[in-house]
Amino acid sequence: MEEIVDEVLISEKKLQARIKELGEKITTHYNQDDEIVMVCILRGGFLFMADLAREVKLPVVLDFMDVTSYEGGTTTTGDVRIIKDLEESIEHKHVLIAEDIIDTGLTLKHIIKVLETRNPKSINICTLLDKPERRTEKEVEVTWNGFEIPNKFVVGYGLDFQEKYRNIPYIFVPKPELYKK
Ligand code: 5GP
Ligand code: MG
Ligand code: MG
């Protein structure tokens, strides 16, 4: 699959080392008896949450939510829709959102607005990647951030190009030819 990779932005080794650090920060932030629901935003966050959850040494509940904001292209439409909601009640619980990437921040802003109406004890965001350049306003307050990256479209480790390549274990910038296929 290397023929589609223009540049490896974050190697598998760097990802895993950073996720371990994030797990340690999260573990010390909460108390052992806190009720925590870790929320994975599908589909991009699935690998990140799987790896992060194993580095969080707390009895967390894992739940999943699926939303759309991108409709197959590479830029945001600002239109966010919940496709799959949480199964768990988050009332009086600590919510920890595991997100793949924050681009404009519009998706998370919408998700947080919805979750806040359910009266959680707290909401914290842990994002693997952040593109700060793309934020016109401070849309969301990120608690933990894995890597700040430049304003490039990235793929791999959960992130797709037209639903493909989520299974590649590192983050890369695809070759421009990929868009022409
Ligand atoms: P936002 O609402 O913050 O602009 O975008 C949020 C979602 O768009 C992310 O959770 C991710 O699913 C998708 N997205 C944003 N930037 C990228 C990117 O560079 N590559 C890929 N594959 N998806 C992205
Ligand atoms: Mg996402
Ligand atoms: Mg996508």
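The values are calculated or read from the model by the stated rules, or taken from the named source; none is laboratory data. Here the structure is a predicted model, which is why all the values come from computation and not from measurement. We place every Cβ from the backbone using ideal geometry, glycine too, and count neighbours over all the protein chains shown.
So in region 124-137, with the set limited to residues that are assigned to a strand (DSSP E or B) and within 15 Å of ligand 2 (Cβ to nearest atom), which one is farthest from residue 24 (Cα to Cα)?
Applying the filter and picking the extreme gives 130.
Applying the selection to region 37-69, what residues are in contact with a Cys (Cβ under 6 Å, 6 or more places away or on another chain) and part of a strand (DSSP E or B)?
64 - this is the single residue of region 37-69 that is in contact with a Cys (Cβ under 6 Å, 6 or more places away or on another chain) and part of a strand (DSSP E or B).
Does residue 163 qualify as being away from ligand 1 (no atom under 13 Å from the Cβ) and more than 19 Å from residue 23 (Cβ to Cβ)? Write out each step before concluding.
Working: away from ligand 1 (no atom under 13 Å from the Cβ): no; more than 19 Å from residue 23 (Cβ to Cβ): yes.
No: the conditions fail for residue 163.
Does residue 111 satisfy the criteria of being over 19 Å from residue 50 (Cβ atoms), in contact with a Leu (Cβ under 8 Å, 6 or more places away or on another chain) and of a type outside the set (Gly, Ala, Ser)?
Taking the combined requirement at face value, the residue does not satisfy it.
Go through region 143-160 and report how many residues are part of a loop (DSSP other than H, G, I, E, B) and surrounded by fewer than 18 Cβ atoms within 10 Å (Cβ to Cβ).
So the count comes out to 6.
Does residue 110 qualify as being part of a helix (DSSP H, G or I) and either acidic (Asp, Glu) or more than 14 Å from ligand 3 (Cβ to nearest atom) (or both)?
So residue 110 passes the test.
Among the residues of region 111-123, is any surrounded by fewer than 17 Cβ atoms within 10 Å (Cβ to Cβ), modelled with pLDDT of 95 or more and within 17 Å of residue 25 (Cα to Cα)?
Within region 111-123 (the criterion being surrounded by fewer than 17 Cβ atoms within 10 Å (Cβ to Cβ), modelled with pLDDT of 95 or more and within 17 Å of residue 25 (Cα to Cα)), the answer is yes, since at least one residue qualifies.
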